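Structure first, commentary second.
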Amino acid sequence: MFRDKALVEGGRPRLVLSGEVQYFRTPRHLWKPVLKRLRDAHCDTVSTYVPWSWHEPADGRFDFTGRTHPMRDLGTFLAMAADMGFRMVLKPGPYVFAEMKNGGVPEWFSAAHPEALARGPGGKSLAARLKFQHVTYLHPTWERYAFRWLDRAWEAIAPHRDRTLLWQLDNEINYSHTFFWFGPY
């Protein structure tokens, strides 16, 4: 709970000492040693993205268990962090940026639903001018798929909700890195 702009637990403001561990970029056998280093640095919270493109590599084919790749085993990573006493800040997007292609939005989505991609003034596609293929957040196709993703991500995260401090929806959604660095505005 938040009170007076502070995270409060047990009636007292809580200072969050967090470090970022991107399990999807870290070989699975290193998860525990990396988390141990974070604990040795006196952190009590681990923060991580939960990238849509990583966990749904094809339309409707979700993997949070490591079935298709060991580094997709989100449940084991979260359980390991919880067992080591960490709280968590989880960032499932659907747009995460995180220096990922299309900000973590799956390539299959952009290819299958060009109608949901951002358009510039005059209604022209921005795909050729932008570094990333951005979506239009209010497009009904985007909303349907984004909510489906968030529902599935929540199912994977829910067993660890008692250890989760915060759930960040989207990251860097103002597209400043695109519009101001690369145009078109």
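General remarks:
- CD proxy at 222 nm, helix term only [per DSSP H run n ≥ 4: -39500 (n - 2.57); per residue of the chain; nearest 500]: -8000 deg cm²/dmol
- GNM top mover of Val96, Val50, Val34 - the chain, alpha-carbon springs below 10 Å: Val34
- With at most 16 other Cβ atoms within 10 Å, longest stretch of the chain clear of loop GluC sites (Glu not before Pro) (DSSP): 1-98
- Where N is the number of residues in region 6-84, Cα Rg divided by 2.2 N^0.38 Å: 1.26
- Once the 1.4 Å probe is applied to the protein heavy atoms, the chain comes out at 54 Å² accessible per residue.
- Relative contact order for region 1-87, counting Cα pairs under 8 Å that sit 6 or more residues apart, in percent: 27
- Spin-label pair His69/Leu169, simplified geometry with 7 Å Cα→Cβ offset, distance in nm: 2.7
- Take the Kirkwood radius over Cα pairs of the chain, plug it into Stokes-Einstein at 37 °C and 0.692 mPa s, and you get 185 µm²/s for translational diffusion.
- Relative contact order of the chain: 21 percent, from C-alpha pairs under 8 Å at least 6 residues apart in sequence.
- Only protein atoms count toward the accessible area here, which uses a 1.4 Å probe; on the chain, the carbon and sulfur part of that area reaches 56 percent.
- Sequence-distant lysines (8 or more away, or on other chains) whose Cα lies within less than 25 Å of Lys5: Lys91
The values are calculated or read from the model by the stated rules, or taken from the named source; none is laboratory data. Every value quoted in this text rests on a predicted model; they were computed, and no experiment measured them. Virtual Cβ from ideal backbone geometry, glycine too; neighbours counted across all protein chains shown. Ligands, DNA and RNA are excluded from the accessible area calculation, which covers all protein heavy atoms including side chains. Shrake-Rupley method; radii C 1.70, N 1.55, O 1.52, S 1.80 Å.
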